[in-house]
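Peer 1: To start, I am sharing the structure in question, which I have written as structure tokens.
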Amino acid sequence: MNKEEELIRKKSPVNIRNKKASFEYFFVETYTAGIVLTGTEIKSIRNGKASLVDTYCYIINGELWVKGMSVSPYFYGSYNNHEMKRERKLLLKRKEIQRLHSATKQTGYTIVPLLVFIDQNGRAKMDIALCKGKKEFDKRQTLKEKEDRREMDRAFKRF
């Protein structure tokens, strides 16, 4: 990810994160994918009414899908409103999908959504990562490092 892409993510009015992912997994590779949405879904996402809790991605017939992503129904939507938890297709290049598919055949690897944001053209994008699951001692180490950083920040603020 270059500086321009990072700037786009920071300037985006919508940043819906999967906070638990960094605690549960090591990130091997990250990708940015487009999301196929209906009209009321994109309006809800622009209002920040989405959640990535307990979501994961899988590949069927050469297509990448996200399951478990919750997008609240649009308040002003009528009978055309969308389902809250439906499977949504992600758009990636064929070679990237093939690379992810071969990697997920190995044990311990999975594809996890990290972030949903709006790009400069107004389209919803999702950052996904090829992840390897952490063991219990890795999670304890992550918590310890986080606590140490917090303690160092407190010490520097005093001086």
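Peer 1: Just the number please: accessible area per residue for region 1-64, 1.4 Å probe, all protein chains included, in Å².
Peer 2: 66 Å²
Peer 1: Ordered by residue, what ³J(HN,Hα) values in Hz, to whole numbers, does region 110-124 give under the Karplus form 6.51 cos²θ - 1.76 cosθ + 1.60, where θ = phi - 60° and Gly and Pro are x?
Peer 2: 8, 10, 10, x, 10, 7, 10, 9, 9, 7, 5, 8, x, 9, 7
Peer 1: Under 5 Å between amide hydrogens, which residues at least 5 positions from Y74 or on another chain qualify, with H placed 1.01 Å from N in the peptide plane?
Peer 2: Amide H neighbours of Y74, under 5 Å, 5+ apart: H82.
Peer 1: Looking at region 1-107, which chymotrypsin sites (Phe, Trp or Tyr not before Pro) are DSSP coil and have at most 16 other C-beta atoms within 10 Å of their C-beta?
Peer 2: Loop-located and lightly packed - F75, Y76, Y79.
Peer 1: Next up: Collect residues whose amide H, placed 1.01 Å from N in the peptide plane, falls under 5 Å from the amide H of R88; neighbours closer than 5 in sequence don't count.
Peer 2: V66
Peer 1: For E147, put the label point 7 Å out on the Cα→Cβ axis and report which residues of region 12-51 keep their amide N under 18 Å from it.
Peer 2: 23-24
Peer 1: Divide by every residue of the chain the summed helix terms, -39500 (n - 2.57) for each DSSP H run of at least 4, and state the resulting mean residue ellipticity at 222 nm, rounded to the nearest 500 deg cm²/dmol.
Peer 2: Dividing the helical sum by the residues of the chain leaves -10500 deg cm²/dmol.
Peer 1: Pop out the carbon and sulfur fraction of the accessible area of the chain as a percent, whole number, probe 1.4 Å.
Peer 2: After summing per-atom areas, the C and S share lands at 50 percent.
Peer 1: Taking loop as defined by DSSP and a crowding limit of 11 other beta carbons within 10 Å, which GluC sites (Glu not before Pro) in region 38-89 fit?
Peer 2: E83
Peer 1: In sequence order, what are the phi-derived ³J(HN,Hα) couplings for region 44-56 according to the Karplus relation 6.51 cos²θ - 1.76 cosθ + 1.60 with θ = phi - 60°, rounded to whole Hz, with x for glycine and proline?
Peer 2: Karplus-based 3J(HN,Hα) across region 44-56 equals 5, 5, 5, 7, x, 9, 9, 9, 10, 5, 6, 9, 8 Hz.
The values are calculated or read from the model by the stated rules, or taken from the named source; none is laboratory data. It should be emphasised that the depicted structure is a prediction, and the values quoted were computed from it without experimental measurement. Positions of Cβ are generated from backbone atoms using ideal geometry, with glycine treated the same way; all protein chains shown enter the neighbour counts. To get the accessible areas, we keep the full protein, side chains included, count just its heavy atoms, and leave off ligands, DNA and RNA. Shrake-Rupley method; radii C 1.70, N 1.55, O 1.52, S 1.80 Å.
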